[in-house]
Amino acid sequence: MRTMMKKKSGFTLIELMIVVAIIGILAALAIPAFIGYIRRSKTAEAGSNLRNLFQGAASYYQSEHWTSSMVIRASSAAASVACATTAGNTGNSVGVSKTQIDFQAAGLANFRDISFTLGDPVYYQYVIGGGGADGMCGHMVNEDIYTFQALGDLDGDAMMSTFELAAGSDNENQLIRAPGLYIIDELE
């Protein structure tokens, strides 16, 4: 008789349904925030690599480049400074997955000139805009020289996100960059 009088312990069906509903509501709020966090973390790649592009370009701009020039029937070597590499892009496809860029490809000599290579796969395509035709040298003070871009499509909807860093020369003909990145549709 004593065993029959013992109260059974456990959760009722209503209590379990309430707990499941609360977990569902929390998940519905947390998942979109988590996805946005993941996308924002992927965009860090773009800013970091654009800064590396600028640093390589600044070093290239200040270094001497030897070219062969004709001087009245004689050939001599002349050093040039304030040189910019040619415009171009990495040519990799962009999307929700990373792609590997082959910096040894013939069309990427401009990236090698400024010592920009990436060993790991990336989400973005990188573009050097401006520069000069065939590595033009002799840029003047206060001149717009480069626009570096990172183009990506992190969510695969064919709308591109763009990160851009502009660079030019200052009064002392040093390569300087804009203070920040120009960003269009950061999380696309």
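The values are calculated or read from the model by the stated rules, or taken from the named source; none is laboratory data. Note that the coordinates shown come from a computational prediction; the quantities given were computed from them, not determined experimentally. As a convention, Cβ positions derive from the backbone with ideal geometry for all residues, glycine included, and neighbour counts pool all protein chains shown.
General remarks:
- Condition check for Asp102 on (1) of a type in the set (Asp, Glu); (2) touching a residue at least 12 places away in the same chain (Cβ under 8 Å); (3) surrounded by fewer than 15 Cβ atoms within 10 Å (Cβ to Cβ): one failure, at (2).
- Those residues of the stretch 41-74 which are modelled with pLDDT of 85 or more, loosely packed, with under 15 Cβ neighbours inside 10 Å and either farther than 30 Å from Ala109 by Cβ or in contact with a His (Cβ under 9 Å, 6 or more places away or on another chain) (or both), in sequence order: Ser41
- Flag for Gln174 being within 16 Å of the chain's Cα centre (by Cα), more than 14 Å from Leu53 (Cα to Cα), at pLDDT 90 or above and surrounded by fewer than 14 Cβ atoms within 10 Å (Cβ to Cβ): no
- Yes/no for Tyr146 being among the aromatic types (Phe, Trp, Tyr) and within 14 Å of the chain's Cα centre (by Cα): no
- Scanning the stretch 1-14 for any residue that is within 20 Å of Leu154 (Cβ to Cβ), at pLDDT 90 or above and out of contact with any Asp or Glu (no Cβ under 7 Å at 6 or more places or on another chain) turns up nothing.
- Taken together, the criteria exclude Ser169 from residues that are at pLDDT below 95 and either surrounded by fewer than 19 Cβ atoms within 10 Å (Cβ to Cβ) or within 18 Å of the chain's Cα centre (by Cα) (or both).
- Conditions (1) exposed (fewer than 15 other Cβ atoms within 10 Å of the Cβ); (2) within 14 Å of the chain's Cα centre (by Cα); number of the one not met by Met160: (1)
- Candidate set: the stretch 6-40, residues that are assigned to a helix (DSSP H, G or I) and either of a type in the set (S, T, N, Q) or under 18 Å from the mean Cα position of the chain (by Cα) (or both); chosen: the one surrounded by the most Cβ atoms within 10 Å (Cβ to Cβ): Arg39
- Figure legend. Inter-residue proximity from the stretch 161-188: first residues farther than 23 Å from Thr85 by Cβ, second residues of a type in the set (Lys, Arg), beta-carbon distance below 6 Å, spacing 6+ or different chains. Indicated pairs: Leu187/Arg39.
- Considering residues of the stretch 141-154 that are buried (at least 16 other Cβ atoms within 10 Å of the Cβ) and over 13 Å from Ile128 (Cα atoms) only, the residue modelled with the lowest pLDDT: Leu154
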